[in-house]
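We did not get these values from a lab; they are worked out from the coordinates using the rules stated. All values reported here derive from a predicted model rather than from experimental measurement. FYI the Cβ positions are ideal-geometry reconstructions off the backbone, even for glycines, and counts take in every protein chain you see.
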Amino acid sequence: MSDPVPPGEPAPLGLTRHVGGFAASGAIAFTVDATVLALLTRGLGVDPLLARLAAIAVAMVAGWRAHRRLTFAVTRPASLGEFLSYAAVAWTSAAVNYAAFAAILLLRPGTDPLAALVGASLVAMTVSYLGMRFGVFGKPGTR
């Protein structure tokens with residue numbers, strides 16, 4: 001029999017729900033990113049490089065909110081400090097993604113760019129999850 005959950009604390013997440021929450025949160029952030037990018041470039045004629053920066057910023061907020069709720073079931077109030085920690089993890093993950101992508105293509109020049117993207121994304125996803133789990137949203141019981 002398991003120990004009862006203290007009042008105000010979320011019930012422990014099952015692995016399937018946790019992984020599903022991580023995937024769903026990523027899908028939400030990606031969808032917001034793509035939608036904002038399309039609206040700005042196709043709808044308003046904004047330069048794609050500028051539009052991408054705005055899209056990333058909006059998607060980052062959506063991803064932070066989704067991960068708080070769906071992946072980590074955080075119950076404490078959201079804070080600017082938490083968001084800034086999340087943004088640091090997100091930008092670090094993006095840098096790791098790009099570096100891994102470039103490294104794969106430089107070390108194995110014949111690699112298809114989409115295959116390099118998949119490999120780099122898996123590395124970056126791991127960095128992202130670990131940063132959120134241990135740096136942004138804390139260990140279980142500190143949510």
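Take every pair of alpha-carbon atoms less than 8 Å apart whose residues are at least six positions apart; their mean separation over the length of the range 14-71 yields a relative contact order of 52 percent.
In percent, what relative contact order does the range 77-143 have, based on Cα pairs under 8 Å that are 6 or more apart in sequence? If you can, show how the numbers build up before the last one.
Working: 43 pairs, mean separation 27.3, N = 67.
So the answer I get is 41 percent.
Computed about the Cα centre, the dipole magnitude for the range 8-91 is approximately 140 debye when only Lys and Arg (+1) and Asp and Glu (-1) carry charge, each at its Cβ. Rounded to the nearest 20 debye, the dipole size of the chain about its Cα centre is 160 debye, using +1 on the Cβ of Lys and Arg and -1 on the Cβ of Asp and Glu. Of the residues Ala120, Ala99, Leu130, the one whose Cα sits farthest toward the positive end of the charge dipole of the chain, with +1 on the Cβ of Lys and Arg and -1 on the Cβ of Asp and Glu, is Leu130.
Just to confirm a number: summing +1 for Lys and Arg and -1 for Asp and Glu over residues other than Val32 whose beta-carbon lies under 14 angstrom from that of Val32, what do you get? Please report the intermediate quantities before stating the final value.
Values: positive: Arg52, Arg65; negative: Asp33.
Net charge in that neighbourhood comes out at +1.
A dipole drawn for the range 14-71 from +1 and -1 charges on Cβ atoms has a positive end, and of Thr16, Val58, Thr35 the residue lying farthest that way is Thr16. Reported to the nearest whole Å, the Cα centre-to-centre distance from the range 73-143 to the range 43-69 is 16.
The simple Förster model, with R0 at 30 Å and r as the Cβ-Cβ distance, assigns Asp112 and Thr35 a FRET efficiency of 0.65.
Using a 10 Å cut-off on Cβ atoms, rank the peptides 113-123, 57-67 from the highest mean neighbour count down.
57-67, 113-123
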